[in-house]
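Data block below; observations after.
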Amino acid sequence: MMKKRVTILGSTGSIGQSTLDVIARNHADYEVFALVAGRNVAQMVKDCQTFNPRYATLSCAQSNAVLKEQLSALNLATKVIDYDTDIALVCQHEDVDTVMSAIVGAAGLVPTLSAIEAAKTVLLANKESLVMSGQLFMDKVRQHGATLLPIDSEHNAIFQCMPEAIRDQRAQQLSQHGVTKILLTGSGGPFRERPLNTFQDITVAEAVAHPNWSMGQKISVDSATMMNKGLEFIEAKWLFNANTRDIEVVIHPQSMIHSMVQYSDGSVLAQMGQPDMRTPIAHALAYPQRINAGVEPLNFAAMKDFSFYAPDFERYPNLKLAIDACELGQSATTVVNAANEQAVAAFLAGQISFNDIYAVNAQTLSDMTLNYSDDLEGILACDADARSHAQQIIHARAK
């Protein structure tokens, strides 16, 4: 059998690096076709030396120039291409079998759609693509016959627990197959027990220190505010053709059960495992087969506590805001996602406080007129307008 060729969007981030780790463990079956990332020249050079991809590119033109120079000095055959003009090439090339979509934020939408339009197998770690353009995105999956496999640990868990008919994105109704509830678990982040009256003092270092998972800064802050779970709520609605009433968020501090599916006969199926993203990556990369992910199985004899409770929306107002936006429709979720990206970046830069993240998100949604079209042009216009408005709010609230 020929090796499956993989393009990795976001290769220097945590998901990209975990994907490369799984590929290295299964090098007889997979090879890297292209690596796409942001500015991390050193990591990109190292990965090109190890995996010898056909193409590589960085989103920063200056970094890309340095990358080209360093790869040439090492006599590596990898061709450095232009990020803006050639990213579609590495997503749609006839030699590509699988595209890992792991670029953080709205920047991942257009390249992911290009892979879908080429009917590739898309491993979706970029939840913002569905948050911004759920109906358009899923329509394109069905129209072009692409295969969409979720990488977020929660959605991958739900996928594994769903009936096969729901997995193929043919717009099946959950109730037709006995599914009564999607139970979306979340750890509650690093502040689930912190006194609310101290939230205004939360530092960047505290917010990015997740108790269970190793993630990038933006996703770690989203986990601390639980906006991440709100975005996952919206993603689950589109991935599994669900209504908002079909999805329930459950706090599970141990992060061993990654999500559950409840059935009409009273059964609840749960997917369990270590909090290690290599497990869902390996599952999707090899689906429907199973391969080595390098992850140790759970030791049930050593597991003492499993606890669950409902989220406190006073503690996690961003979660409630995202769920409310999901009820309002596509433009609302696009606005909330765009505002949140701007607010989190401002918090990480020390411009606003932790509590201001919610304030910026809520005010942006409240102020915006949600009359954008649901085509790509309308979605991108809504995203741009929301970012601009959020920046005005941030400027007014800046320390």
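Picking from residues in region 194-248 that are small (Gly, Ala, Ser) and in a helix (DSSP H, G or I), the one that is farthest from HIS155 (Cα to Cα) is ALA205. Taking the conditions exactly as written (within 24 Å of LEU113 (Cβ to Cβ) and either assigned by TED's automatic domain parsing to the domain that holds ILE116 or hydrophobic (A, V, I, L, M, F, W, C) (or both)), does LEU76 satisfy them or not? Criteria not met by LEU76.
Table: residues versus (1) in a strand (DSSP E or B); (2) surrounded by fewer than 24 Cβ atoms within 10 Å (Cβ to Cβ); (3) outside the structural domain of CYS91 (by TED's automatic domain parsing); (4) out of contact with any strand residue (DSSP E or B) (no Cβ under 9 Å at 6 or more places or on another chain).
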position: GLY108; (1), (2), (3), (4): no, yes, no, no
position: ILE116; (1), (2), (3), (4): no, no, no, no
position: VAL122; (1), (2), (3), (4): yes, no, no, no
position: MET132; (1), (2), (3), (4): no, no, no, yes
position: LEU136; (1), (2), (3), (4): no, yes, no, yes
position: GLN160; (1), (2), (3), (4): no, yes, yes, no
position: THR185; (1), (2), (3), (4): yes, no, yes, no
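In the set ASN292, ASN340, only one residue is modelled with pLDDT of 95 or more, within 23 Å of the chain's Cα centre (by Cα) and not assigned by TED's automatic domain parsing to the domain that holds GLY186; that residue is ASN340. Against the definition (under 16 Å from the mean Cα position of the chain (by Cα) and at pLDDT below 95), how does ASP152 come out, yes or no? It is true that ASP152 is under 16 Å from the mean Cα position of the chain (by Cα) and at pLDDT below 95.
Scanning region 38-81 for residues that are in a helix (DSSP H, G or I) and either in contact (Cβ under 8 Å) with a residue 24 or more places away in the chain or closer than 18 Å to ASP21 by Cβ (or both) yields a count of 16. The listed residues are ASN197, ASN212, and the only one of them that is among the polar types (S, T, N, Q), modelled with pLDDT under 95 and either over 19 Å from ASP305 (Cβ atoms) or in the same structural domain as ALA157 (by TED's automatic domain parsing) (or both) turns out to be ASN212. I want to confirm something. Restricting to region 257-271 and keeping residues that are in a strand (DSSP E or B) and of a type in the set (Ser, Thr, Tyr), which single residue is nearest to LYS304 (Cα to Cα)? This residue is SER259. Inspect region 355-367 for any residue being over 17 Å from ALA106 (Cα atoms), without any contact (Cβ under 8 Å) to a residue 60 or more places away in the chain, among the β-branched types (Val, Ile, Thr) and surrounded by fewer than 23 Cβ atoms within 10 Å (Cβ to Cβ) and give the result as yes or no. Within region 355-367, none of the residues are over 17 Å from ALA106 (Cα atoms), without any contact (Cβ under 8 Å) to a residue 60 or more places away in the chain, among the β-branched types (Val, Ile, Thr) and surrounded by fewer than 23 Cβ atoms within 10 Å (Cβ to Cβ). Scanning region 14-30 finds no residues that are among the small types (Gly, Ala, Ser), outside any helix (DSSP H, G or I) and in contact with a strand residue (DSSP E or B) (Cβ under 8 Å, 6 or more places away or on another chain).
The values are calculated or read from the model by the stated rules, or taken from the named source; none is laboratory data. The structure presented is a predicted model; accordingly, all values stated were derived computationally and were not measured. Reconstructed Cβ throughout: ideal geometry from the backbone, glycine too, with neighbour counts over all protein chains shown.
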